[in-house]
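Bear in mind these aren't lab numbers, they're just calculated from the coordinates by the rules spelled out. Treat the numbers as computed from the prediction; the structure is a model and nothing was measured. Heads up, the Cβs are rebuilt from the backbone with ideal geometry, glycines too, and the neighbour counts pull from every protein chain shown.
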Protein chains: 2
Amino acid sequence: VDERDEAFIIASLEGEKPADISALLHEFETEDSKYVIDLLPSEVRADIINDLDEDIRSRFLRVFEPTEITEIVNHLDSDDAVDILNELPIKEREEVIACIDNQEKEANILDLLRYDEDVAGGLMAKELIKANLNWSVVRCIEEIRRQAENVQKLYSVYVVDDNDKLLGRVSLKKIILAEDNMHIADIYDPGVTSVETYMSEEEVAQVMRKYDLEAVPVVNMQGKLLGRITIDDVVDVITELADEERQMMSGISEDVEEADSIWMLTRARLPWLIVGVMGGFISARLIGVFEEELTRITAIAFFIPLIQATGGNVGIQSSSIVLQSLANPSAFNDSMQKRLFKVFVIAALNGAVLATLVYGGNLLTGGAVNLALVVSTALFCVVLIASLIGTITPLILHKFGFNPALASGPFITTTNDLMGLAIYFYTVHLLL
Amino acid sequence: VDERDEAFIIASLEGEKPADISALLHEFETEDSKYVIDLLPSEVRADIINDLDEDIRSRFLRVFEPTEITEIVNHLDSDDAVDILNELPIKEREEVIACIDNQEKEANILDLLRYDEDVAGGLMAKELIKANLNWSVVRCIEEIRRQAENVQKLYSVYVVDDNDKLLGRVSLKKIILAEDNMHIADIYDPGVTSVETYMSEEEVAQVMRKYDLEAVPVVNMQGKLLGRITIDDVVDVITELADEERQMMSGISEDVEEADSIWMLTRARLPWLIVGVMGGFISARLIGVFEEELTRITAIAFFIPLIQATGGNVGIQSSSIVLQSLANPSAFNDSMQKRLFKVFVIAALNGAVLATLVYGGNLLTGGAVNLALVVSTALFCVVLIASLIGTITPLILHKFGFNPALASGPFITTTNDLMGLAIYFYTVHLLL
């Protein structure tokens, strides 16, 4: 590539799939990539740009002329085109839209730009094949031939009435198997699952998973067919949500990868580390309050890690179980009261077992009886309270529209640490 | 249901989707569910059983006669049938297989039972439509009509040579759009992505995501077409992997849900809590070694939580970044040496910032200068070492075939805690 050996590059990329070429381009400098991409046919070029990671792509698009971007956008489905347009500065976006000469495409794109990226409306593509209820199968096949030019992946044909209201679907398989003299009304399946434009991407993913759908039609509140969402977009949503959850659980504040720059990685990690350090400071002050007790019985300090680690582990386990049920909701949930009671019983069981173990362990290793009793009592209380905090926090976060996975991250761990210490030292203060 | 009101149940379930009925049955007792299911047509019954959660289903199938299970199996695709058979005791499984009278189905099922559940061979279904390269389009459509009976979801037709070797695919769209006098050889697309039987489910998921596939053919090492994997199974794989990771990261040892029994939930949580408690005990002994220093300067105890929490947070962040890159591998990875160097630089940066903050904070709050220096020095070392442990552990786990998410769980946290304490007290011992 450095030598700009055009023929060699074209020859070696011939026959490679766009996704593989994108992966390759992630390793190049922007200028080299641009050079390589310009050598390729414009359809392949569009697929490659579409496959690039978002952050690389937006850096990449800066070296493109608006007319070049228009050409790319022309080759893509409306949903992918809109994703790219959303990454452009507003002025450039307008220029690109003005350059699109296909009226229908322009209207589709303008329509899709209205939706947030994380709702069904923002995931859907306008390209789909619809058939009127009253058409014959022959007419339908003709229409498919005509419409199929624009639709990259064809799963099924949606059936609508004269007002474009979604009535059902008919699979390609049924169309192929149908007799020529049949009508759509004879063979269509009225029980179609659809989603509405305002549904969140999580909900769309849940619906498609539950019913094993490869594509789902999107309707507005009046039931009018507006677009469709395909499973490949939902797979990306599911993967992104899992990545986001992992980040939150481990206290990383930005969407970073191992390959990102040292500066980005440091910036993503520092904020939560600083929160943790501040928590540590408050812990230090808290312990300082009980300096008198500590001076009297140094052994109190020995059990600080035990109390803290257990509180942290119990809290994270509890949040994680709530996260699990938020991610895979069942049709019927127990009432809040019942759930908390269950959490309480489980915590009491776990707490009792751990407290007994610690008590026994302390006596066996020749610890003082009264200190052993204090440690076990405090441990039991910490398990109870950490369970409740761990359960309630993700539910509250979820209710107010935050990602509940935050609750498994360092913020809650820090809170639990402080709470555990406070309980421990207060018990010491009371009983010793 | 309690009153066994047959007509009412049938009427109210009429028109409901199988997935919704399954969700409903999760709430019933096994006997009631069996009663409801027996009222439904056998095809719907098969879909419902297929949709049930694995643990509920295996409990449920115990009340079925082998002949009833055979009937269910007959209605399902071979991959789903095999999943159900795998849940049965071996004797019953043989009985069910013996009852299947469709020779082809029996052969398919016996073939699939050979594969592990977590490789491509275990995910694939035998039902697919294949066309010989030399067929005409008309012949192909006839064959589709004939074969389509068995295939629930039809995405594309796979093209093979006379020895069943996979050559390419042709989409239904192309078949519909083709002229009648064309041959498969004229319209098929030779660039088909396939997976081999022994590939892991993670790899299959990665391939399908990368190339946005809705179905992928499975071939053996000689390239012979054996089956296909559809995207809905892969969506389940991706979701399961995310659930498993969440469990490992939060130290839950079994696949549990909030709805499971108190006993199961306690059992899933206790093992790692006990590991944590044992770690806490070792910490206590470790601190005990430095009792003399502690008695001399009580303030040493104040910073135990700070050191531990930071070590834990840094370790989890580091493992999480490695997990991220293992889950979404890029085509080109840096060498191990380069990766570790980068981790080291980032850790040094983070460590320096945190150590400075803590030093400043300690002086501002009127702490002793030499203790502040010791705490900051120890903190810096802890950040460095926790980063390295957090980075290396998931890589080692991955290399030896364990789930790398284990590294973000309590086992590593406990190790990091101990390591942090040891560094802290050793620094105290050396410098104070």
Quiz item: Bin by bin, in steps of 10 Å, what percent of the Cα pairs in chain A do you find, going until the bin that has the longest distance?
Solution: 4, 16, 20, 19, 15, 12, 9, 4, 1, 0
Quiz item: Under a point-charge model restricted to the Cβ atoms of Lys and Arg (+1) and Asp and Glu (-1), what is the dipole moment magnitude of the stretch A:255-431 relative to its Cα centre, in debye to the nearest 20?
Solution: 420 debye
Exercise. Take peptide A:262-268, look around each residue's Cβ out to 10 angstrom, count Cβ atoms belonging to other protein chains, and average those counts.
Key: 4
Practice problem: Would you order A:VAL353, A:VAL289 from fewest to most other beta-carbon atoms within 10 Å of each residue's own beta-carbon? | Solution: A:VAL289, A:VAL353
Quiz item: Can you sort A:GLU94, A:GLU31 so the residue with the fewest Cβ neighbours within 10 Å comes first?
Solution: A:GLU31, A:GLU94
Quiz item: Dipole of the stretch A:29-78 (Lys/Arg Cβ +1, Asp/Glu Cβ -1, origin at the Cα centre): which of A:ILE37, A:HIS75, A:PHE64 lies farthest to the positive side?
Solution: A:PHE64
Quiz item: Could you state the number of Å between the C-alpha centres of the stretch B:232-264 and the stretch A:319-375?
Solution: 19 Å
Quiz item: Helix B:137-147: angle to the longest alpha-carbon principal axis of chain B, degrees 0 to 90, nearest 10?
Solution: 80 degrees
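Tell me, what is the FRET efficiency for B:ARG139 and B:GLU87 to the nearest 0.05, using R0 = 30 angstrom and their Cβ-Cβ distance as r?
Values: r = 41 Å, r/R0 = 1.35.
That pair, B:ARG139 with B:GLU87, gives E of 0.15.
Given R₀ = 51 Å, what would the calculated FRET efficiency be for B:THR67 paired with A:MET264, taking r from the Cβ atoms and rounding to 0.05?
Details: r = 62 Å, r/R0 = 1.22.
Computed FRET efficiency for B:THR67 and A:MET264 comes out at 0.25.
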Self-check item: Cα pair count fraction exceeding 24 Å, expressed as % - the stretch A:130-242
Solution: 27 percent
Quiz prompt | Solvent-free Debye scattering, log10 I(q)/I(0), computed from the Cα coordinates of the stretch A:76-167 at q = 0.16, 0.18, 0.19, 0.22 Å⁻¹ | solution = -0.75, -0.89, -0.95, -1.13
Quiz item: In peptide B:353-361, what is the residue-averaged number of other protein chain Cβ atoms found within 10 Å of each Cβ?
Solution: 3
Quiz item: How much length is gained if the chain between A:TYR426 and A:LEU110 is pulled fully straight, taking 0.36 nm per residue apart and subtracting their Cα-Cα distance, in nm to one decimal?
Solution: 107.5 nm
Quiz prompt | Estimated dipole of the stretch A:141-246 in Debye, rounded to 20 [Cβ of Lys and Arg +1, of Asp and Glu -1, Cα centre] | solution = 320 debye
Practice problem: For each of B:ILE10, A:ILE184, B:ILE423, count neighbouring Cβ atoms within 10 Å of the residue's Cβ, then give the residues from fewest to most. | Solution: B:ILE10, B:ILE423, A:ILE184
Quiz item: What angle do you read, to the nearest 10 degrees and between 0 and 90, between the alpha-carbon axis of helix A:103-113 and the longest principal axis of chain A?
Solution: 10 degrees
Exercise. Could you point to the residue in B:ASN108, B:VAL275, B:MET221 farthest towards the positive end of the protein assembly as shown's charge dipole, with +1 and -1 charges on the Cβ of Lys/Arg and Asp/Glu respectively?
Key: B:VAL275
Quiz item: How far is helix A:42-51 tilted off the main Cα axis of chain A, in degrees rounded to 10, range 0 to 90?
Solution: 20 degrees
Quiz item: Can you pick out the pairs among B:LYS91/B:LYS224; A:LYS17/A:LYS126; B:LYS165/B:LYS399 whose Cα atoms lie more than 28 Å from each other?
Solution: B:LYS91/B:LYS224; B:LYS165/B:LYS399
Practice problem: Would you mind computing, in nm to one decimal, how far apart the modelled labels at B:ALA352 and A:GLU244 are, each placed 7 Å from Cα along Cα→Cβ? | Solution: 3.5 nm
Quiz item: If we restrict to alpha carbons, what Rg and Dmax does the stretch B:190-325 come to, in Å?
Solution: 23.8, 79
Self-check item: For the stretch B:6-113, diffusion coefficient by Stokes-Einstein and Kirkwood Rh (Cα), 10 °C, 1.306 mPa s, µm²/s
Solution: 112 µm²/s
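Could you work out, residue by residue across B:177-186, how many beta carbons of other chains sit within 10 Å of that residue's beta carbon, and then give the average as an integer? Mind dumping the intermediate values first?
Values: counts 6, 0, 0, 0, 0, 0, 0, 0, 0, 0.
Mean partner shielding for this stretch: 1.
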Quiz item: Spin-label point model (7 Å from Cα, Cβ direction): what's the B:GLU95 to B:LYS224 distance in nm?
Solution: 3.4 nm
Quiz item: Whole-Å semi-axes of the protein assembly as shown's equivalent ellipsoid, largest first, each the root of 5 times a Cα gyration tensor eigenvalue?
Solution: 54, 35, 24
Quiz item: Which of the listed residues, A:GLY251, A:VAL234, A:TYR188, is farthest toward the dipole's positive end in the stretch A:123-255, when Lys, Arg count +1 and Asp, Glu count -1 at the beta-carbon?
Solution: A:TYR188
Practice problem: Could you size up the charge dipole of the protein assembly as shown around its Cα centre, putting +1 on the beta carbon of Lys and Arg and -1 on that of Asp and Glu, and report it in debye to the nearest 20? | Solution: 3720 debye
